[in-house]
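Readers should treat all values here as calculations from the given coordinates under stated rules, not as data from a laboratory. Nothing here was measured: the structure is a model prediction, and the numbers come from that model. Glycine also receives a Cβ, built like all others from the backbone with ideal geometry; neighbour counts cover every protein chain displayed.
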Amino acid sequence: MMPLNFRIAVSSLSAHKLRAILAMMGVFLGALAFTGVQHVSTIMVKRAELETEKLGPNLYSVMAGEVRFTRSGNARLSGVTRNFTIQDAQALIAGVPSVMEGTPYVAQSMQIRGNGNAVTAQLLAAWPNYQDIRNFRPVFGRFFNWQEVDDRAKVCVLGQTIARLLFDEPAKAVGQQIYLFRASFRVIGVMESKGRDLSGTDQDEVMLVPISTYMRRASNQTWTSGVFLRLSKDASRAVVDEAVQSIMRLRHKIDPGEPDDFSSMSPKDAMQLQQQALALMTTLGGITSSISFGVGGLGILSIMILVVRARRVEIGVRRAVGGRRRDIIRQFLFESGLMAAVGGGLGVLTTVILVIVGCTIADLPIIIEPTSLVSTLIGSCVLGLVAGAYPAWQAANVEILAVLKS
């Protein structure tokens, strides 16, 4: 029964190729839009999670000034103050629950020179445990140690991009001299490649130095930019936020009702904003794909009505020689379902190809959602059956005598 129905369906659709293709196109675009948006959203969420992990396990930072997030999740710091001290950082490390370890830091954009070249880098001064807190370690040479912090040693570790710009090959940077202001620093290591973080900052464009060296020998300052904290896995964000508020407002003598002169954040904050933006995109994509599916369903409905009118004689003959109404209904439902299945199948296949090619080119995690693909394909078939129900009913109720007389 099925092979005969299939042959009849293919023959009928071949006789009206253009109309069949246009009807399938709506379902194709709907399936492509729905599965495409779902996959893009899933991939970007996974990318954000991976980027968050790269920033450091359970990282939490407190900094001078006010942090604002853009819709895309990028952080912008404003109202920077100069009253965040190393003593503040030590108080937070000692007093905030669930803190495993922490380091004060100073972040500043600086021009550095070496090997006859000059580049602008993100200078970051910190303690030696920065590499553990941020999960960021040298691939050539070593990181500076506590003795070098105590000695205010003029040593540094470079990010791979900076090392490459100054010395062509990162490995050649170890042992070389570079200059910050007029002070020379010996390169003792080059960090592993990290790429860009959630805010779009290239983490490889960095120069790391002992915080004591920078604050006393380079800039002669007493303030820091903030503190990086590594929290335990079971840390309560609400408890941590409350403790930070209490300690910092007390130390900075901020009266009740006055605004904070500091901010706290986690990479997960930016990730949540990105997920909200992706959720909005997914919703809009779902609306768009629903419209496309609706257009595809109307296309199938219209072409099947035309097909029924064009095949009235064939239907009458089949009924006259013993064809049952349910056989006629099955035939036309099969044809409408076949059109929708082909359109949906092509949309699903195109999504898989685009995901694999796009993720490979953009260096994103390749994620294929079988549930989304299968449900979209099933939904396409159901759409075809629904759209073909009325034309199939029309075909089954054709008046045999009226058709044969005409």
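A few comments on the model shown:
- The Cβ shell under 13 Å around residue 171 holds other residues with a net charge of -1, Lys and Arg each +1, Asp and Glu each -1.
- Greater than 27 Å apart at Cα, pairs in 46/233; 154/194; 154/253; 172/233: 154/253; 172/233
- Radius 12 Å from Cβ of residue 300, net charge of other residues (Lys, Arg +1; Asp, Glu -1): 0
- Karplus-derived 3J(HN,Hα) values for region 238-249, using 6.51 cos²θ - 1.76 cosθ + 1.60 with θ = phi - 60°, are 5, 5, 5, 4, 5, 5, 4, 4, 5, 5, 6, 5 Hz; glycine and proline are entered as x.
- Environment charge at residue 154 (Cβ cut-off 14 Å; Lys +1, Arg +1, Asp -1, Glu -1): +2
- Estimated vicinal HN-Hα couplings, Hz - region 169-183 in sequence order (Karplus 6.51, -1.76, 1.60; Gly, Pro = x): 10, x, 4, 6, 6, 5, x, 7, 9, 10, 10, 10, 6, 9, 8
- Cα-centre dipole for region 82-260 with unit charges at Cβ (Lys and Arg positive, Asp and Glu negative), debye to 20: 540 debye
- Counted over region 82-260, the DSSP beta bridges are approximately 75% antiparallel.
- Loop-located trypsin sites (Lys or Arg not before Pro) in region 174-267 whose Cβ has at most 12 other Cβ within 10 Å (DSSP): 182, 233, 253
- Residue 155 long-range amide H proximity, modeled H, under 5 Å: 186
- Amide proton proximity set for residue 191, modelled H, under 5 Å, gap of 5+: 139, 158, 159, 160
- Rounded, prolate or oblate (a/c below 1.5 giving rounded, otherwise prolate when a/b exceeds b/c) for region 82-260 by Cα gyration tensor: prolate
- Across region 17-22, coupling constants 3J(HN,Hα) worked out from phi with the 6.51/-1.76/1.60 Karplus curve, θ = phi - 60°, read 4, 4, 5, 5, 5, 5 Hz, and Gly and Pro carry x.
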